[in-house]
1. Give the Rg (one decimal place) followed by the Dmax (whole number) of segment A:298-344, computed from C-alpha coordinates and expressed in Å.
2. At a Förster radius of 30 Å, what calculated FRET efficiency corresponds to the Cβ-Cβ distance of residue A:231 and residue A:165, to the nearest 0.05?
3. Please arrange A:139, A:835 by how many other C-beta atoms lie within 10 Å of their C-beta, fewest to most.
4. Where does segment A:794-863 land on Rg(C-alpha)/(2.2 N^0.38 Å)?
5. May I ask for the Kirkwood hydrodynamic radius of segment A:516-599, worked out over all distinct Cα pairs and given in angstroms to one decimal?
6. Rounded to the nearest 0.05, what FRET efficiency do residue A:516 and residue A:8 give with R0 = 35 Å and r taken as the Cβ-Cβ distance? Could you check?
7. In the calculated pair distance distribution of segment B:187-339, what percentage of Cα-Cα distances lie above 28 Å?
8. Over all directions, how big on average is the projection of the convex hull of the alpha-carbon atoms in segment A:157-223, in square nanometres?
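A short reminder: the numbers here are calculations on the coordinates, not readings from a lab. The structure presented is a predicted model; accordingly, all values stated were derived computationally and were not measured. Cβ coordinates were reconstructed from backbone atoms using ideal geometry, including for glycine residues, and neighbour counts include every protein chain displayed.
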């Protein structure tokens, strides 16, 4: 198809570089420099979508970020699908494939529109709150039908092949927007030597100047843009970011910039390139030079394709060499709109009329239009568009000075395009993100940014300054202000010279009355994307939704992907009128990030998949992999869970690991245990305060188990701490709790007891820890060390320095299995070597590696707790039956002592840790099974506790479990019951949690 | 009250929707009410509704400093579930669930309660132990739920990456089929309309600037726009601002107000039919009837009343969502926002008498208030009507923080809201 | 995203390096045993939860691991003062100029 709307002028497209693309299965051609929208318009494509609620045909309205209608699905392959691409912001590339997102069987002939037409009347705002209620049972069916209509585009079904990046930036000044104001500010700031970032959402700098025929310093505006951009590029401290949207403004001048690096080249980023990048910017100062968005006027059927924003029409003509129609009717409330008719005329197409809502328009542009012979109908408005898939005519009527009543008779003007300009709304979005409310400015007839705590300056259109000379002036001023705020010397800059233009006064008009009341007039759209009409807003107000937030929520105004950039102010004006208030009284809703939507991929960057969270490995990880370990995630650690041999089930592997350890010797990689080095003359006193048990008498060379509680008396961590020297201790913690414990120790030291001379440091990663456990562990260790391992010389709960396989080591004779056991610590870089030497020496003892699961079974056979599994933040040491671990007589009231004395912690019938044996020994209770005393009680059944740990013990030949049971310590020998999901009940007898070697003889040999 | 129905819609469409009644009046406040409820969010409005409906107390005012339902009611991710671990919490939330199930019909207002099921994913062995424990407790408390393995989770959410290749593979989940989502604004509006129909005065844009307390008992409130309004009893239901209100009454609460953020994608065609929550990777996602992916973020650690949090929290949440759903990488985030959540140390609410006679507080719902709205209003109405705690509310007294009888959903359940 | 000045490192660093630790100046009772349950509960759980100027404790967790105090506006998130443990704030709600 030919590009019927393409003209030959000096726009910013390159006609020598044709680009082919596919829209709804048909092939089209555009040029380099086109957006998808300009290329579609060039090809005479009118309908680009169907509206959300009423399925009305919709065309392109705007030329930038404010576009509500041209929302397309882009992507040639499944993996590269992108939903909801705004055609006005997508640069055309060769091979681009896109579709409209709604319409069945297609967007041109949408059968849903019949429903929209017939049912539209039944769909006032909030209609779904008023129906689909009866009968209750049918709601899921109704909802399924509603859901069928949900959504615009679609998500890909497979993972994203592209990569995304994040980069942290620190700058003196971030300038948002590279239009005339932003560029003038940047020039001043850059010359001062400040570190500047200037970002603009468009593919090239210039903003409004790219579609302007104004002159700056006696040359065409785009030449000035080129010259400034070149100057900026030459500055080493200036970073220019085109195709980069500042999408969020957060506290303390933190802003995010979404840079689209390759979306203009292809669906998928070229090999080796990043598709999009998030710049996380901390800026000392920010200049918002975000400009303004033109408001369309609200009139009957103002959504028929061919109804466009006046400035957008000018942009298409100037920048893209596209005239999006043949016969134009322009409606305007201001002089600026005249530019569009003049441009249209200059492009050689017919301007049917300029319809000016003002009674007596005056100004140089008005004169210019009249001189060109364009018909100007003043004191009038377009009250209705005719046509369905394209405008065929405009109905024009006289309108009174206040703009609220029609006067005289109507006339019908044949036209295919109705451009409207209702004035401009400053793009205040970013200024609101940190909670600042915009304030109404009558002179601007718009909201401008309110007071803020951010270090933020404003320039140009965002402040309601629109004429080019003033915009450049305010940009320069903001730039110089920033330079001064930053403490740089004022640079030499001159204000670019522009012929000042005098424009006539604009009329504050938003909603064009119709000859029928609004409720009966043809639909007058306020928010195109969410199908909100003026009548809908009136209904909402009539029903008592009077706050602007209520109106927004009840009608869905502003909830679209454009966040109401074209519609919000009109909606507020209509609300104000309906409530008989002023716009400032009605107030505004507040804008949230993002300014325009950004991909989740860009926000996540590379911190997903493998890099979602760091993985921590021990020094022996390679060995575990080679020996078939299966791993368990413990905090960030990858810990061996068990080591199945070929053909072995998990239970068989555990049985083998457990029996090998009790019968001969097993080995555990315990490197992940938290290790904190504690030094200082007051170290011992400190331990006394943070552990529940006593530390005053722990001699050098001795180890002791300790419990840690919070101030509430609840157990939160445990471990063995050893006395390395009189003022030097090594504390161990649970694998997952290490960082928390260290911060907690520091908290108490720094804030409560700074007088104690003590120092803490994490040494978890410095040491590799391997625990050999079992009756043959002494024999094994003696093969690799020359110290005397006899019980007399190296007793249980002793530690000694030694060499193991030649490596310097600390050996701790402590036991979590109840067996004779040595915990060998060597520097991490010796870890794998010593581990392998142990296996060489251990072959004759069938040295068996075991993982966390076997560790759990072996310790449960001994009734040792695991903090975080057998405790849950509501368990005191007394509840665990660990009174022996509470030193009540310590002079200092240790952390947890007062907490565990509270009334509720001392009441009868608390849940207490006990052992359980199932009546049928082979039945293993489920961890998390809930206990009851009376299995025949009705629902809700009184629960008395739950199973915290449960295993089959191959060593004992029966199942074992630990549980917390109400009053459990006094119920030994009684039965508790576990009702199962299948209706069965498991009975178990309460016993001591120490199932094996209750006297502790095996560890003392 | 004008009843809503499909037929009514048709009838009104014939008169161009010009004759709809107001959903609620905009009354001038009286000098005295039997009960004043401070805070016109979902919980406050539900309280007023049940006071009138269940207790025949209709001389009631709800005083709201902004607009009805404009606080956390309007800002949450609308998840409704009742699968709490501890009996006290489970009974309270299940009470709410039972009310949810007939709420649209009761209110004659479609709150779009959609029982599409909630999955709480487990990613570690301890997660799975906690899930077993909770589901077993739920079952014995009469609350629906089951433990699913990875394969069963995959069948319910075909799009989710349930492979072993992720950083924290999905090991299983708890599944509550009766859980789901509801249309948050409609809940506030439905209750408001219902309360209004019984004669409750809804006073908007009016701030309670002080509490009038004489001899240790409250006698009224002082407002910015309508002066002093006296009351027999006063209920404070002001969520994030509860600490501020308690200060006016002269006491402190065991609360901290934190930012909690949420975000939505652009609307996309339905791909996710259920609610997926992962406490371990910190991502909560469902898809609304409009097509938006509705995503809840983690709580920010610092106190904040700014209705906004830190960008790092958003980043982390989005990473979690992509970890679970890698295909959403090319979908775009439309908007983000924040609420103020008043959190208790044990992640359970306070529904309580206070040191001031006739002054009652309902607060501390933290990140989990929306789902409780009907139940919270129902038991608080009974509490205000009788002047003493409803049996279901009793364990939630603020004095539990004195004797230590906490209901530690935080420490034990391992489930965020 | 807060930008926080660490008084120990002498630099502004990103919020991600720090952990907030709640209300500052909560002193552990010197003689816990003499506290009633109520007093102990107050110490453990009850907080000012100020809307406005809030004195709070932070730790430079991924930096020097030192604790310090911040006076921050909990509405605007503006940090008004940073001071060391053991010091008292000079910016308080009585003396604050907003």
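1. Looking at segment A:298-344, its Cα Rg and Dmax stand at 10.5, 30 Å.
2. Once the sixth-power term is evaluated, E becomes 0.60.
3. On the way: A:139 20, A:835 23.
Least to most surrounded, the residues fall as A:139, A:835.
4. In units of the globular-protein estimate, segment A:794-863 measures up at 1.18.
5. Evaluated on segment A:516-599, it is 12.8 Å.
6. Computed FRET efficiency for residue A:516 and residue A:8: 0.20.
7. 43 percent
8. 7.2 nm²
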